[in-house]
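For reference, the structure discussed in these notes is given below.
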Amino acid sequence: MRLPVLKVEAWPISLLILNEIMNFVKSLAGLVFIYSFGTALYAQKFTTDKGEIAFTSNAQLELIKASSDKVQGLIDPSNNQFAFRVSLTTFRGFNSELQRQHFNEKYMESETYPTANFSGKIIEKIDFSLDSVYDVRAKGDLDIHGRKQTRIIKSKLTVKKGQLFIESYFVIPLSDHTISIPKIVSQKIATEIDVIFKASMVRQK
């Protein structure tokens, strides 16, 4: 006597498995999208075009101060690289208009070397997604008057509500950048210039 063969319909089970696979793929795709979006957002560069830089020449016979609020710059959170520049003709202050002209024409030769630049990389690791204050070292090439010098400049970097705030102080020896001072005015222009830099930076949109 032959036993009856029971036929099991396989398609409902196959359909159930297929649905599970599709749901898994959708979930995975969602996670990939969220991760990619988050990574892209984190990698957006911080920029400014209103950074402030001021210098002081404190010589024996004269004190000279000038500043610019036209510093342009960016910081890339994905690799800690940075670049800043300022047009030398944007500096204002000095003790007279003639002094400003001499600064651009005789000493900085601004027509030939129109900008001062600093570019390189922040040495310390920074979590740009968390509000915090960091003491960092910015290592890079300081390019002034056509002469580059590798410098490490200490700075205070504050991350707050998606913005960056930078403060730094450093000294520039004129001899590092082949800026010559005539002997007749050597007591009126310091051989080392004090520099203060401040900037607030926002993410690119």
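Scoring Q187 on the criteria (1) open to solvent by 50 Å² or more (accessible area, probe 1.4 Å); (2) free of Cβ contacts under 8 Å to residues at least 40 places away in the same chain leaves a single failure, condition (2). Cβ-Cβ distances below 6 Å connect the following pairs, each with a first residue in the range 133-145 that is under 12 Å from F165 (Cα atoms), a second residue that is modelled with pLDDT under 95 and of a type in the set (A, V, I, L, M), and a separation of six or more residues or different chains: Y134/I126.
Do you know which of the residues in the range 85-117 that are in a strand (DSSP E or B) and of a type in the set (A, V, I, L, M, F, W, C) is nearest to D143 (Cα to Cα)?
Of the residues in the range 85-117, the ones in a strand (DSSP E or B) are 85-87, 92-93, 115-117.
Now restrict to residues that are of a type in the set (A, V, I, L, M, F, W, C): 86, 116.
Details: V86: 11, A116: 6 Å.
Ranking the qualifying residues of the range 85-117, first place goes to A116.
Just one of (1) of a type in the set (A, V, I, L, M, F, W, C); (2) assigned to a loop (DSSP other than H, G, I, E, B); (3) open to solvent by less than 50 Å² (accessible area, probe 1.4 Å) fails for I172. It is (2). Checking the range 50-68 against the condition returns no match, with no residue being surrounded by fewer than 17 Cβ atoms within 10 Å (Cβ to Cβ), acidic (D, E) and out of contact with any Lys or Arg (no Cβ under 6 Å at 6 or more places or on another chain).
Just one of the numbered conditions (1) modelled with pLDDT of 50 or more; (2) under 29 Å from K160 (Cα atoms); (3) in a helix (DSSP H, G or I); (4) not hydroxyl-bearing (S, T, Y) is not true of F33: (1).
In the set (1) under 21 Å from I153 (Cα atoms); (2) in a strand (DSSP E or B), E124 fails one condition alone, (2). Filtering the range 48-70 to residues that are in contact with a Ser or Thr (Cβ under 7 Å, 6 or more places away or on another chain) and either in contact (Cβ under 8 Å) with a residue 60 or more places away in the chain or closer than 21 Å to Q163 by Cα (or both) leaves T48, E52, I53, A54, I64, K70.
The values are calculated or read from the model by the stated rules, or taken from the named source; none is laboratory data. As the structure is a computational prediction, the values presented were derived from the model and not from experiment. So basically every Cβ, Gly included, is an ideal-geometry build from the backbone, and we count neighbours across all protein chains shown. Side chains are part of the model used for accessible areas, which takes the heavy atoms of the whole protein and leaves out ligands, DNA and RNA. Shrake-Rupley method; radii C 1.70, N 1.55, O 1.52, S 1.80 Å.
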